[in-house]
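Below is one structure, written out as structure tokens, with a few remarks after it.
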Amino acid sequence: MSVHVSQSAHKIQLWRRLGSVQYRNSRLLQRQHLSSFSSNADRNDDLVTLEASPDTGVATLRMHRSPANSLSMEMMQSISGAIRKAESDRKIQSLILTSSLPSGIFSAGLELTELYQPDLARLPKFWESFQQLYLDLYGSRLSTIASIGGPAPAAGCMLALSCDYRIMTDNPKCTIGLNESQLGIVAPPWLAQQYIDVIGNRNAELALLLGTLFTPQQALTVGLVDELVCSGDSSIDEMAQRKAAEFIRIPPKARVAAKELTRGTQIAKLSGNREEDTEFFCSFVTTDTVQKTLGSYLEMLAKRKK
Amino acid sequence: MSVHVSQSAHKIQLWRRLGSVQYRNSRLLQRQHLSSFSSNADRNDDLVTLEASPDTGVATLRMHRSPANSLSMEMMQSISGAIRKAESDRKIQSLILTSSLPSGIFSAGLELTELYQPDLARLPKFWESFQQLYLDLYGSRLSTIASIGGPAPAAGCMLALSCDYRIMTDNPKCTIGLNESQLGIVAPPWLAQQYIDVIGNRNAELALLLGTLFTPQQALTVGLVDELVCSGDSSIDEMAQRKAAEFIRIPPKARVAAKELTRGTQIAKLSGNREEDTEFFCSFVTTDTVQKTLGSYLEMLAKRKK
Amino acid sequence: MSVHVSQSAHKIQLWRRLGSVQYRNSRLLQRQHLSSFSSNADRNDDLVTLEASPDTGVATLRMHRSPANSLSMEMMQSISGAIRKAESDRKIQSLILTSSLPSGIFSAGLELTELYQPDLARLPKFWESFQQLYLDLYGSRLSTIASIGGPAPAAGCMLALSCDYRIMTDNPKCTIGLNESQLGIVAPPWLAQQYIDVIGNRNAELALLLGTLFTPQQALTVGLVDELVCSGDSSIDEMAQRKAAEFIRIPPKARVAAKELTRGTQIAKLSGNREEDTEFFCSFVTTDTVQKTLGSYLEMLAKRKK
């Protein structure tokens, strides 16, 4: 029974599969968790734009769902679709993920109207799209760089955590972190594990309990981002391009195998546990207490707007 | 068979249970590992004092077993009982753990006379009380704050590690750490795991090998404590109260679910393994070599007193 | 089936075994993974030298395979043999691992001519010797100190990671790290896990992807080494001796039990998975892509020499 397979066994399975397919198409990590839902990148040009440069090997994925790149089901499917489109081009080895909203917001996280008084038939599909986005981005064969020009709370932080490298603008008004507890909800275990893996268990524990949002400087200190761009420095896009070029110098087969070392276990774990994860999320988010807290939070946001 | 269930399976079970009970009474973490031994907090007022403020939602647990809050079986049962008493009050959301000994000592750790030339019938019960204290404190539904005004070696450090936040007085004479190896004994795996989770694998490995006791400044550097109180600053108690208030602002259901993310697996692991853990401890501590080392250590302590 | 036993179950088995054998001969960690291939330390005096001082309890293992202590199968068997020889002397509690090459190079890592256009009958034996060297050094009952006077890339870094303490000369020309990806190959999971355990998951992930080689100062910052020796300071050998003396003050039984806490699980994992690990390595390294990249790398090295 799959849930009884230990981490160690998962690793071995992946490890062997890596050996046997011998990276035949360099898209293994991607391939192993492709679900059957069809990509719809093409019909979502109003949500994301993908720009591929076969010359440099770098593709740029720009998110622009107004007003804050919050992740509706369609937005998540659109990002997933664009990632796969980039991967399908054999000349592309690196992906820069960024926002092209005038406000600079990276992503405000999950679209809360999907969670508050939700359509119960749509809710599990919404969650599956979130899982799929994580699997697509975190497990991509491409080297992935988050170019974070503005706030990245909650699932916006997940987008950043799923990349291989994070560059952020050094503006103290822009914060990043898994602040779910402040909204009365909780990150799923696979997202919490990303947090633990990137900033360490103790930092993650405290930040998850308190729903901490880190300023860029604080994020750099705990390791949540890798580099800051000060105003006056070269632009964040140039830095992302330079970093992409650095990754591209590594033989792709070795780079993908190295990624598998730190990410394979987590990908296998969620892949074998999607239904239960969805079930828990749906039952948790629809409880009276959570709905009430979400309602108050949305009300507070609406007031702040005025 | 339970020992063959992987971490991942444990997590799933907890995750589902979290969903199904829907935090009916917000005491899930506590509930899932309540053992059958009866609380005896009331008859131990000479060992600990519990002071609850329903207005602020904060309870304070003061330890005062002379001379050093060392953990005899009765002391551990007394602390466990007080934690549960605090949890039984639905208005209480936060617990401050501190010492009210005039010397300021937080806790000297396990009562060594329980380990040296031990009563063989009592020894396993003593160890089970230690496990239970860990399960009660580490898995409490309350947000827990250790206010450490003095030394906290060995199991005294465990008390601190089991809290959600640690504030320590900045007095270089007060040290904290798992120094078991210096006494010729070894921390149990669940306690070592706490150490690893809080200060990182490498720091923990070296400190466990050498039995390192950290000064407050060193403890802050490795992340063993979160904050230091300098003399002249606001008192350690005020800081603990302020931190408690910060935790209380988080919706309790979300805060408990976040705690489950980082602690659920470890709690499930020991809960399913208590007998074997006790068996190993008893066989290890009663070996001739360990008894001899403990004897020399106690002799050295006695000489130092004079 | 052993690969389905979870980490947690492994731990329990080790824990119980520790209890039952009661460190009868203080060589448990070593004993549990002794393979059947016979030691050949004696006939390899041209590769390593072992110098034991029963008075201090410290043995020194000097590697001197010209020109760079690269790890051929014979070299690895020779180091393994010397570790066991040191362990067989009950008066020895500590081992210093160092290089006595005039160039100061610690170890250049695996002998690449073993990997490029390899003898297919020898290749699996070569890899098993590498696994065995890890098991012997990482799981030694001795406290182990790496005295790193020069570069330690790839498997040279593994030698350092397997010790309990790492002292390095502060010369920016000497670098250390798992740079496998730069050569088009990948570290095995057990070596990647050592890296994660020592420098943290995030540092390890990025360094594995990019094949980073750290300068001594960078290595100190991420925790890859514990101490640097500046020129003018006491010699690196004196520092290693002092550190060895510090470890020796800890009761051996407790020190070995503490080592088991952080290393037992990993040792058990590889011990139960050696064949599959070898199988993957052999199939990965013999692919056309990897052979081609290795060929270019060796050519580049040859040109640089001239």
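The values are calculated or read from the model by the stated rules, or taken from the named source; none is laboratory data. None of these values were measured; they are calculated from a predicted model. Here Cβ is always computed from backbone atoms with ideal geometry, including for glycine, and neighbour counts include all displayed protein chains. Please note that ligands, DNA and RNA were not included when accessible areas were found on the heavy atoms of the full protein model with its side chains. Shrake-Rupley method; radii C 1.70, N 1.55, O 1.52, S 1.80 Å.
What's the average, rounded to a whole number, of partner chain beta-carbon atoms within 10 Å of each residue's beta-carbon in C:257-267? Intermediate values should be presented prior to the final figure.
Details: counts 9, 15, 5, 3, 14, 12, 1, 1, 2, 1, 0.
If you average over the peptide's residues, the count of other-chain Cβ atoms is 6.
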- Note on the structure: With one decimal in nm and the nearest listed first, the spacings from residue B:249 to its own position in the other copies, using label points 7 Å along Cα-to-Cβ, are 4.6, 4.6
- Query: When only C-alpha pairs under 8 Å and at least 6 residues apart count, what is the relative contact order of the stretch C:92-208, in percent?
  - Reply: 26 percent
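Let a ≥ b ≥ c be the square roots of the eigenvalues of the Cα gyration tensor of the stretch A:56-110; is it rounded (a/c under 1.5), or, if not, prolate (a/b larger than b/c) or oblate?
Values: a/c = 3.47, a/b = 1.69, b/c = 2.05.
Oblate, because a/c is 1.5 or more while a/b does not exceed b/c.
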- Across the identical copies, how the residue B:295 labels are spaced - nm, sorted shortest first, 7 Å along Cα→Cβ: 7.1, 7.1
- Item | Prolate/oblate/rounded call for the stretch B:203-306, Cα gyration tensor, a/c under 1.5 rounded | oblate
- Note on the structure: From highest to lowest solvent-accessible area (probe 1.4 Å; ligands, DNA and RNA excluded), B:158, C:239 read C:239, B:158
- Message: If DNA, RNA and ligands are ignored and the probe is 1.4 Å, what is the ranking of B:242, C:263, B:62 by accessible area, most exposed first?
- Response: B:242, B:62, C:263
- Message: Going Cα to Cα from residue A:125, which aspartates and glutamates come in below 18 Å? Please leave out same-chain ones fewer than 8 positions away.
- Response: A:74, A:111, A:114, A:136, A:275, A:276, A:277, A:279
- Message: Please give the Cα centre distance for the stretch C:152-224 versus the stretch C:41-118, rounded to the nearest Å.
- Response: 20 Å
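Can you give the accessible area buried between chains C and B, summed over both chains, with a 1.4 Å probe, in Å² to the nearest 100? Don't skip to the answer; put the middle values down first.
Working: alone 14370 and 14400 Å², together 25900 Å².
That pair of chains buries around 2900 Å² in total.
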- Report, for residue B:113, each distance to the same residue's label point in the other copies, shortest first and in nm; define the point 7 Å along Cα→Cβ. 7.0, 7.0
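Quantify, in whole percent, the carbon and sulfur part of the accessible surface of the stretch B:25-305 (1.4 Å probe; protein heavy atoms only).
Working: 5060 of 10080 Å².
Here carbon and sulfur together make up 50 percent of the probe-accessible area.
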- Message: Taking beta carbons within 10 Å but only from partner chains, what does the mean come to for residues B:289-299?
- Response: 2
- Query: Considering only protein heavy atoms, what is the solvent-accessible area of residue A:288 at a probe of 1.4 Å, reported in Å² to the nearest 10?
  - Reply: 130 Å²
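Can you tell me how the stretch B:160-260 classifies by the Cα gyration tensor, rounded, prolate or oblate, using a/c under 1.5 as the rounded cut?
Details: a/c = 2.76, a/b = 1.30, b/c = 2.12.
Oblate, because a/c is 1.5 or more while a/b does not exceed b/c.
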- Unsatisfied cross-links (Cα-Cα over 19 Å) in the set A:269/C:259; A:243/C:303; C:173/C:243; A:253/C:292; A:91/A:253: A:269/C:259; A:243/C:303; C:173/C:243
